[in-house]
Amino acid sequence: MIRSMTGYGRVAQIVDGYSVLLEIKSVNHRYFDFTARVPRLYGYIEEKLKTYLQSVITRGKVEVFVAIDVLEGAEGEIKLNHRLAESYIGALRELQQQYGLRDDISVSTVARYADIFTEFRPPEDEERVWVAVKKAADSAVSEFVAMRCSEGERLRSDIVARAENISTLVTQVELRSPQTVVDYRARLLSKMNEVLDNSRFDETRILTEAAIYADKVSVDEETVRLKSHLKQFEIMLDAKEPAGRKLDFLMQEMNREANTIGSKASDIEIARVVVDIKAELEKIREQIQNIE
């Protein structure tokens, strides 16, 4: 199934005493590019998230945001920095004595200096935290992938329609190509009749020249390969594994065949059809840049 490289998923869950908010989004990128913003305390989950997401995403610039709040099971302990508290109290008393201020130093006054308190938390079970984050990630990824698939189906429909149009245009080239030889032979006969006497007319020479011209402008090999590429293209679009890179390579091959047809063709009608083919190929190429 074709998937777009653009996707978004967000979930907020409470899992095993943790409130986890996880957001994942991605845009086009040639390879898998991962960045994450996680709380500093839980930095160890970043690599785990990268490994997990790389197992389900092959291409795209992926950004993940994670917020974790502890609801239970990891109560902290507040400890007082006595030396710092004494320093604050001493400074306040000095201020009072120096300027004759009213001595109203109280617990609430000193408590305003938050840096005298330090919160200590017991070490958390890293695996427990990861399990909670992984469950949230599972839900976010499901939403993320669903969006990629929906967008991918839209891309596929557009690409298939354009590929079918290219196939029709190639058929027009195939039908027109033999006629260019007939037209060339007729023009050659007309010119020779203008300059030569009928008695000196050499029909074998005409046939030889026409044969040489036919070989020079023949695009049979190119049209056959181009149609073969289109069939392979259709197979890739229905493949289960990501096919963006393969499709991009196949597009280069199809462009090469179209360019060769254009360079060989000396017929204005074929030239116009080739322009249409290349225009459709370019539009498909743009769409493929969005495919995983």
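The values are calculated or read from the model by the stated rules, or taken from the named source; none is laboratory data. Computed from a prediction, not measured in an experiment: that's the story for all the values here. No Cβ is skipped: glycine too gets one built from the backbone with ideal geometry, and neighbour counts run over all protein chains shown.
Among the numbered conditions (1) part of a loop (DSSP other than H, G, I, E, B); (2) assigned by TED's automatic domain parsing to the domain that holds Phe65, the only one that Val133 does not meet is (1).
Looking only at region 239-274, filter to residues that are outside any helix (DSSP H, G or I), touching a residue at least 40 places away in the same chain (Cβ under 8 Å) and not basic (Lys, Arg); which one of those is nearest to Arg59 (Cα to Cα)?
We begin by selecting, within region 239-274, every residue outside any helix (DSSP H, G or I); these are 239-243, 265-267.
Now restrict to residues that are touching a residue at least 40 places away in the same chain (Cβ under 8 Å): 240, 242-243, 265-267.
If we keep only those that are not basic (Lys, Arg) too, we end up with 242-243, 265-267.
Values: Pro242: 9, Ala243: 10, Ala265: 39, Ser266: 42, Asp267: 43 Å.
Across region 239-274, the extreme among qualifying residues is Pro242.
A single entry from Ile14, Ile78 fulfils the requirement of being touching a Ser or Thr at 6+ places or on another chain (Cβ under 9 Å), touching a residue at least 12 places away in the same chain (Cβ under 8 Å), part of a strand (DSSP E or B) and surrounded by fewer than 14 Cβ atoms within 10 Å (Cβ to Cβ): Ile78. In region 73-110, the qualifying residues are those that are of a type in the set (A, V, I, L, M) and closer than 30 Å to Gly17 by Cα, and the one that is modelled with the lowest pLDDT is Ala74.
In this structure, does Glu127 turn out to be loosely packed, with under 13 Cβ neighbours inside 10 Å and either aliphatic (A, V, I, L, M) or part of a strand (DSSP E or B) (or both)? It would help to see each step written out before you state the result.
On the way: loosely packed, with under 13 Cβ neighbours inside 10 Å: yes; either aliphatic (A, V, I, L, M) or part of a strand (DSSP E or B) (or both): no.
Taking the combined requirement at face value, the residue does not satisfy it.
Looking only at residues of region 1-11 that are among the β-branched types (Val, Ile, Thr) and surrounded by fewer than 23 Cβ atoms within 10 Å (Cβ to Cβ), we find that the one that is nearest to Gly244 (Cα to Cα) is Thr6.
Rundown of residues vs (1) exposed (fewer than 14 other Cβ atoms within 10 Å of the Cβ); (2) touching an Asp or Glu at 6+ places or on another chain (Cβ under 7 Å); (3) under 24 Å from His29 (Cβ atoms); (4) not assigned by TED's automatic domain parsing to the domain that holds Lys25, yes/no style:
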| site | (1), (2), (3), (4) |
| --- | --- |
| Ala239 | yes, no, yes, yes |
| Pro242 | no, yes, yes, yes |
| Leu247 | no, no, yes, yes |
| Gln252 | yes, no, yes, yes |
| Ile261 | no, yes, no, yes |
| Lys264 | no, no, no, yes |
| Ile268 | yes, no, no, yes |
| Val274 | no, no, no, yes |
| Lys278 | no, no, no, yes |
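In this structure, is Ala132 at pLDDT 90 or above, touching a helix residue (DSSP H, G or I) at 6+ places or on another chain (Cβ under 7 Å) and surrounded by 14 or more Cβ atoms within 10 Å (Cβ to Cβ)?
Numbers: at pLDDT 90 or above: yes; touching a helix residue (DSSP H, G or I) at 6+ places or on another chain (Cβ under 7 Å): no; surrounded by 14 or more Cβ atoms within 10 Å (Cβ to Cβ): yes.
Considered against the rule, which asks whether it is at pLDDT 90 or above, touching a helix residue (DSSP H, G or I) at 6+ places or on another chain (Cβ under 7 Å) and surrounded by 14 or more Cβ atoms within 10 Å (Cβ to Cβ), Ala132 comes out as no.
Scanning region 96-115 for residues that are part of a helix (DSSP H, G or I) and in contact with a helix residue (DSSP H, G or I) (Cβ under 8 Å, 6 or more places away or on another chain) returns Thr109, Val110, Asp115.
Which of the residues that make up region 1-10 are more than 14 Å from the chain's Cα centre (by Cα) and at pLDDT 95 or above? Steps first, answer last, please.
Looking only at region 1-10, we keep the residues that are more than 14 Å from the chain's Cα centre (by Cα), and these are 1, 9-10.
Selection gives Gly9, Arg10.
Among the numbered conditions (1) surrounded by 13 or more Cβ atoms within 10 Å (Cβ to Cβ); (2) within 26 Å of the chain's Cα centre (by Cα); (3) charged (D, E, K, R), the only one that Lys231 does not meet is (1). Can you tell me which residue in region 18-51 is farthest from Glu286 (Cα to Cα), limited to those that are at pLDDT below 95 and aromatic (Phe, Trp, Tyr)? The selected residue is Tyr18. For region 50-73, the set of residues classified as among the aliphatic types (A, V, I, L, M) and closer than 16 Å to Tyr8 by Cα consists of Leu53, Val56, Ile57, Val62, Val64, Val66, listed by residue number. Restricting Ala36, Ala91, Ala85, Ala114 to residues that are in contact with a Leu (Cβ under 9 Å, 6 or more places away or on another chain) and over 30 Å from Asp238 (Cα atoms) narrows the list to Ala36. Each residue in region 17-44 was checked for being farther than 16 Å from Val56 by Cβ and either over 23 Å from the mean Cα position of the chain (by Cα) or crowded, with 19+ Cβ neighbours inside 10 Å (or both), and 12 pass.
Results for (1) of a type in the set (Asp, Glu); (2) part of a helix (DSSP H, G or I), shown as yes or no for each residue.
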position: Ser26; (1), (2): no, no
position: Phe65; (1), (2): no, no
position: Glu86; (1), (2): yes, yes
position: Gly90; (1), (2): no, yes
position: Glu94; (1), (2): yes, yes
